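First comes the structure, then the notes that go with it.
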Amino acid sequence: MFLKKKEPVDVKNFWQDYEASVNEKVLAKSLGQYLGGWSEYNYPLWGLAIATSGGFRFHHFPHEGWLTALSRISSGSEAPKEKTFFIPLKDIKEINLIMEKRWWKKIFSSSHPQLVICCSIDGTETKVVIETDRNAAAIVSALSIPAESI
């Protein structure tokens, strides 16, 4: 067949393999959409936001629909690639989970919590922003920096 169906991934084995590949313990994780702040990626990416014993990691896994795959193959383009970035714990100045507290805004807008990481990247101060879910509070706690709600 032209497109193979992927085998299901065992979650426990996935995280064990991930820890082995980065050589750090995974402390907390959440699904999120990277919105900006990392100079290499200036477009939204879905992926995993991960707190490890060494800092913060964002890992985007490549994906494409069958129609996109057919179009890519016929044009000879390259397949999508994994995209990751890492912020060492020593470079994180502040980390906050910003959640909407006003009840009326929660009802009338689709505001999701935002994980905002103020950090130093190659000597430049920046803010990395990831739209996520409430599980990101565990990331803030794991990195031992108090969370702030607005």
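The values are calculated or read from the model by the stated rules, or taken from the named source; none is laboratory data. Small disclaimer: the values here were computed from a predicted structure and weren't measured. Don't worry about glycine lacking a Cβ; one is built from the backbone with ideal geometry, like all the others, and counts go over all protein chains shown.
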Enumerated helices (runs of 4 or more DSSP H) restricted to the stretch 1-118, each holding at least 1 residues that are at pLDDT below 90, out of contact with any strand residue (DSSP E or B) (no Cβ under 9 Å at 6 or more places or on another chain) and within 21 Å of ASP133 (Cα to Cα)
11-22, 103-108
Working only within the stretch 122-150, note down all residues that are closer than 17 Å to TYR34 by Cβ, of a type in the set (D, E, K, R) and either modelled with pLDDT under 90 or assigned to a loop (DSSP other than H, G, I, E, B) (or both).
ASP133
